[in-house]
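One structure is given here, and the rest of the page talks about it.
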Amino acid sequence: MKKINIGGGYDWKVQGWHTLDNAPLKKKLNNYQFHGKCWDSNLKHNDYDILFTSHTLEHVPHYRLEKTMYEFNRILKLNGTIRIVVPSLQKAAMAYIKKNKNFFKNSAHYSDHMGVGASFVRLIVSPGSQSILFSREMDEYFGGYAHLNAFDFQMLKTLLEKWGFGNIRESVPGKSKLKELRDYQHIILNGKKYLTGQPNFNKLNIKETDDFYFSGFDKKRSDQLIVEAEKKKQVKYSINKEFNFYNKGRDLSIIFMIKIYLFRFISYFIDNLYLLFKFFKITNIVKTIL
């Protein structure tokens, strides 16, 4: 069986599993790791029996959400299993109404600077490094974003059904239909095992020099929404098939695409110029010492 964890990062590993992530590459990938976007993976068609993705979809811009669901369908085999874990919008909304501040404290995006309302909003939209926001005039960089969305069961069910999945059911942590997916997410740090998602986990001081890796699947937490389903049919993608709502505000004009391409080219040029400068600077220092 072929299995893949999408969005698990480069420090996650389970024997027999592949990973896909679009985080910047800092080292050469192993043969089970792939670099790519979840909506444009470049992976083979109908290749995987199991697809697991945890706390990834809330980072996907809504413009790419349906393309992502299509991509999940494309790389899974017929009757293959998908398991999705995201923060629960419904549970968070109930916690907000009840002013339950403790509900939000386990999250890395927790903030009480403006009360429990701020904690609820940051579950949906929060600072981070996955996406960046510029002004419409492209003359000001506002900042980076992590969470861009939130889901309840009906939202995920609607998307999954639309893009070829069936037998859609809500699950709970560690209770997958597949025994292999019941191992809770954890980290092996210098030979010791620690469950992620626990109050003490965020207090761990993990250094780059430590011997560590992530493993397992569901986080052992009650604030999540977990949905499992099977691929029932192959679907074809077309941007016209997406909900009209998701296309509002999207600019696909030629002139805008040219502007984005030039912006990207200039950005890469500056990055490489900086790296080249650092290389020659270090080289000159070494020559001076020698």
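The values are calculated or read from the model by the stated rules, or taken from the named source; none is laboratory data. This one's a predicted model, so the numbers in the text were calculated from it and none came from an experiment. Heads up, the Cβs are rebuilt from the backbone with ideal geometry, glycines too, and the neighbour counts pull from every protein chain shown. Just the protein is used for accessible areas: all its heavy atoms, side chains included, with ligands, DNA and RNA removed. Shrake-Rupley method; radii C 1.70, N 1.55, O 1.52, S 1.80 Å.
The table below lists the values:
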quantity: In the stretch 82-95, residue surrounded by the fewest Cβ atoms within 10 Å (Cβ to Cβ) [restricted to those that are in contact with a strand residue (DSSP E or B) (Cβ under 7 Å, 6 or more places away or on another chain) and aliphatic (A, V, I, L, M)]; calculated: 89
quantity: Pairs where the first residue, in the stretch 157-176, is more than 19 Å from residue 77 (Cβ to Cβ) and at pLDDT 95 or above and the second is open to solvent by 10 Å² or more (accessible area, probe 1.4 Å) and assigned to a strand (DSSP E or B), C-beta under 6 Å, 6+ apart; calculated: 157/168
quantity: Output for the stretch 1-12, where each listed residue is assigned to a loop (DSSP other than H, G, I, E, B), under 22 Å from residue 189 (Cβ atoms) and either touching a helix residue (DSSP H, G or I) at 6+ places or on another chain (Cβ under 9 Å) or at pLDDT 95 or above (or both); calculated: 7
quantity: Extreme residue, nearest to residue 78 (Cα to Cα), among residues of the stretch 33-45 that are touching a helix residue (DSSP H, G or I) at 6+ places or on another chain (Cβ under 9 Å) and open to solvent by less than 70 Å² (accessible area, probe 1.4 Å); calculated: 43
quantity: All strands (runs of 3 or more DSSP E) inside the stretch 169-267 with 1 or more residues being within 20 Å of residue 153 (Cβ to Cβ) and open to solvent by less than 60 Å² (accessible area, probe 1.4 Å); calculated: 224-231
quantity: Scope the stretch 46-67; condition among the hydroxyl-bearing types (Ser, Thr, Tyr), touching a helix residue (DSSP H, G or I) at 6+ places or on another chain (Cβ under 7 Å) and within 17 Å of residue 159 (Cβ to Cβ); matching residues; calculated: 63
quantity: Tally, over the stretch 181-201, of residues that are in contact with a His (Cβ under 8 Å, 6 or more places away or on another chain) and either in contact (Cβ under 8 Å) with a residue 40 or more places away in the chain or among the hydroxyl-bearing types (Ser, Thr, Tyr) (or both); calculated: 2
quantity: Matching option when the condition is surrounded by fewer than 21 Cβ atoms within 10 Å (Cβ to Cβ) and in a strand (DSSP E or B), among 79, 30; calculated: 79
quantity: Residues within the stretch 131-151 that are touching a Leu at 6+ places or on another chain (Cβ under 8 Å) and open to solvent by 50 Å² or more (accessible area, probe 1.4 Å), tallied; calculated: 3
